[in-house]
Amino acid sequence: MEKYRKYLKAHNWDETPEIIPDQQKGVAPPPFQKPCPKKSAVIDLIPLKELSVGNIPLINAINARKSRRGYTNDPFTLEELSFLLWVTQGVREIDIDRRHGKIKTTKRTVPSGGSRHPYETYLVVNRVIGLQPGIYRYLAIEHKLCVLSLINSDLAEKMIDSCHGQKFAGRAAIVFIWAVIPYRIEWRYSIAAHKGIAIEAGHICQNLYLACEAIGAGTCAIAAYDQGKIDSIIGVDGEDEFTVYIAPVGKIKERK
């Protein structure tokens, strides 16, 4: 156990002075977002200025926040899903390198070391009005959904199996799956990036917890899952991109 505690500590660069991050070597940065496959459909989400949900005092959301595993069969609206996605990875500002016409940084609703934002948000959709059940990915820069695959059967069972029998993972209306692309942040911080990757999953998921409380929904984060099975469901290679955190989301019975 003690061997792996080192990843929770700040990196001591004096011990590894020969390591130079790729950014300092002049290597071009990786893209801030995976492109949507060419043949995949793209779905517009409700823009921030049109959202009318989630307007409760922050103190109330924090006071009510808890892990919730009991969900009703009620579906989410596209507006509610748009709200949850914007709160967890939404882009507030884009800084463009005008000389090269490329994105320099994105400022989002969650903090990220060096504004590198190494996570991609995948969704297992079971019950969202207007969306077919299937696998989707959030295009945070455009605030849209990329349709990866439409699956009408066995999706709930696959999620339960992939989460070691945790049944609420199959009962959820939506399952948020956050996969990291390590090099997106390694490019700047090299081997010191991995502490930040772990920290940032917490930033994202806590925002989801609070946003769920604001719309009468609930979530319970999952770190115990079968890596290969979950990576296979969302279609990532498990090496250059892999799952780190999972959060099933569902409507809950009215709180008393």
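Here are the numbers for this structure:
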{"item": "Breaking point among (1) surrounded by 16 or more Cβ atoms within 10 Å (Cβ to Cβ); (2) of a type in the set (D, E, K, R); (3) more than 30 Å from SER52 (Cα to Cα), for GLU213", "result": "(3)"}
{"item": "Among the residues listed as LYS39, LYS34, the single one being basic (Lys, Arg) and touching a residue at least 12 places away in the same chain (Cβ under 8 Å)", "result": "LYS34"}
{"item": "Some residue of the stretch 1-23 being touching a residue at least 60 places away in the same chain (Cβ under 8 Å), under 30 Å from GLY216 (Cβ atoms), out of contact with any helix residue (DSSP H, G or I) (no Cβ under 6 Å at 6 or more places or on another chain) and surrounded by 10 or more Cβ atoms within 10 Å (Cβ to Cβ)", "result": "no"}
{"item": "Given (1) under 30 Å from ASN55 (Cβ atoms); (2) surrounded by fewer than 24 Cβ atoms within 10 Å (Cβ to Cβ); (3) small (Gly, Ala, Ser), number of the condition ALA224 does not satisfy", "result": "(1)"}
{"item": "In the stretch 132-151, the residues that are within 19 Å of the chain's Cα centre (by Cα) and assigned to a loop (DSSP other than H, G, I, E, B)", "result": "PRO133, ALA140, ILE141, GLU142, HIS143"}
{"item": "Within the stretch 87-104, considering residues that are within 27 Å of GLU239 (Cα to Cα) and in contact (Cβ under 8 Å) with a residue 12 or more places away in the chain, the one surrounded by the fewest Cβ atoms within 10 Å (Cβ to Cβ)", "result": "ILE103"}
{"item": "Residue list for the stretch 2-48, filter: over 25 Å from the mean Cα position of the chain (by Cα), on the phi < 0 side of the Ramachandran plot and in a loop (DSSP other than H, G, I, E, B)", "result": "HIS11, ASN12, THR16, PRO17, GLU18, ILE19, ILE20, PRO21, VAL27"}
{"item": "So VAL180, is it closer than 18 Å to PRO21 by Cβ and either surrounded by 19 or more Cβ atoms within 10 Å (Cβ to Cβ) or free of Cβ contacts under 8 Å to residues at least 24 places away in the same chain (or both)", "result": "yes"}
{"item": "Members of the stretch 202-216 that are within 17 Å of GLU79 (Cα to Cα) and hydrophobic (A, V, I, L, M, F, W, C)", "result": "LEU208, LEU210, ALA211, CYS212, ALA214, ILE215"}
{"item": "Conditions (1) touching a Cys at 6+ places or on another chain (Cβ under 7 Å); (2) farther than 26 Å from SER112 by Cα; (3) of a type in the set (A, V, I, L, M): number failed by ALA156", "result": "(1)"}
{"item": "Flag if ILE151 is modelled with pLDDT under 95 and surrounded by fewer than 22 Cβ atoms within 10 Å (Cβ to Cβ)", "result": "yes"}
{"item": "Candidate set from the stretch 49-86 (those that are assigned to a loop (DSSP other than H, G, I, E, B) and of a type in the set (Lys, Arg)); member that is nearest to ALA217 (Cα to Cα)", "result": "ARG68"}
{"item": "Qualifying residue in the stretch 67-82 (condition: surrounded by fewer than 20 Cβ atoms within 10 Å (Cβ to Cβ) and among the small types (Gly, Ala, Ser))", "result": "yes"}
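The values are calculated or read from the model by the stated rules, or taken from the named source; none is laboratory data. None of these values were measured; they are calculated from a predicted model. Don't worry about glycine lacking a Cβ; one is built from the backbone with ideal geometry, like all the others, and counts go over all protein chains shown.
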